[in-house]
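What follows draws every value from the coordinates through simple rules; no lab data is involved. All of these numbers come straight from a predicted model, not from anything done at the bench. Don't worry about glycine lacking a Cβ; one is built from the backbone with ideal geometry, like all the others, and counts go over all protein chains shown.
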Amino acid sequence: MGGVDCDCPWSAQKGLAVAQELRETVRTVRVGHTPDMDDAFMFYGIASGAVALEGFQFEHVIEDIQALNRRAIDAELDMTAISAAAYPSVSKRYWIVSVGSSVGQGYGPMVISPTPKSPEDLGGLRVAVPGLDTTASLLLRLAIPQCVPVEMPFDQIPKAVLAAQVDAGLVIHEWQLTYRDAGLLPVLDLGLWWQQRMKLPLPLGVNVIKRSLGREAAQRLVGVLRESVLYAFSHQEQSLAYAMRYGRGIDATRARQFIGMYVNEETLTFSGHCREALRMLFTQGYEAGLIPKVPRLSVIAPTKDR
């Protein structure tokens, strides 16, 4: 049988041309998140390749939250986690993303000490904080305005407190659950302090996305993140196992507890109560001279068909 000349549309040559065109239309975006279990859990669907990326290619930038705050201030990243308290400084360049917030419900960053102390005892004393731009630091200065914040990496704070390099420390992430294991004592739970005063949830971290991407592209990216969170919720064992890579030795029980604390209904909804709390946080910070302005909350959500 003789050969046949194929002029079909999916010849090898045309297939290569289509593949090249697709590569050229894929848009690379730099996305920042922290090396912590709650962020890892939320990004599992993306990291595992389980969700469609909608024409995007992700370049992950994984750094602690203070480093991401500074990158956002310099507008280095397309989408990133930041401290809620840092949003006033970046609001001209970024929208708040309706997905991926870390919100406490009567719990939050913990002030700890090697010896029994009350919040009033910390007036004039040095307290280690995980970055001056963090929500934790803002809350501390609202609750104990006479203390002296000392900035240092979050994972070095317990050791610094135990070594008496500072008088007390402000711990975040899994240290909220494990500080007693190191022989440290609670002074003040800033999440509980906030709830008792404001009767509102506590938005600690939010995701933001660059306005310069354009609304349509931003909505698609937010949709990808939402699908990733939904995938993690529906595949919890796999997502937990992935997140524990960032748990710094924490056991599975506490890992599940921590993720449940900060990946909750607010992570997907960013409710009216959460927005009210964010406005209140900004107002309190501005009135205390701790943040530059009370920004308008510009929130972007996925397209309606998601």
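So the values come out like this:
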| quantity | calculated |
| --- | --- |
| Likely footprinting exposure, V150, V187, fewest C-beta neighbours within 10 Å first | V150, V187 |
| Euclidean distance between Cα centres, region 263-301 to region 108-166, Å | 23 Å |
| Length-normalised contact order of region 185-283 in % [C-alpha pairs under 8 Å, at least 6 apart] | 37 percent |
| Sequence-distant residues sharing a close amide H with L188 (under 5 Å, placed H) | V111 |
| Among D38, D189, D74: highest mean-square fluctuation, GNM of the chain, C-alpha pairs under 10 Å | D74 |
| Within a Gaussian network of the chain (alpha carbon springs, distance under 10 Å), most fluctuating of V171, V129, V29 | V29 |
| Two-site FRET efficiency, D155 against T303, from Cβ-Cβ distance with R₀ of 25 Å, rounded to 0.05 | 0.05 |
| Karplus 3J(HN,Hα) series, Hz, for region 204-211 with 6.51 cos²θ - 1.76 cosθ + 1.60 (x for Gly, Pro) | 8, x, 9, 9, 10, 9, 5, 5 |
| The chain: most fluctuating residue of M198, M79, M37 per GNM, C-alpha cutoff 10 Å | M198 |
| Computed over region 110-198, the ratio Rg/Rh where both radii use C-alpha atoms and Rh is Kirkwood | 0.91 |
| Full-extension gain in nm, S234 to A52, via 0.36 nm per residue minus C-alpha separation | 63.9 nm |
| Built amide H within the under 5 Å cut-off of I300, gap 5+ | I96, V97, S98 |
| Cα-only Debye scattering, the chain: base-10 log of I(q)/I(0) at q = 0.07, 0.08 Å⁻¹ | -0.30, -0.38 |
| For G104, residues with placed amide H under 5 Å, excluding near neighbours | L202, L204 |
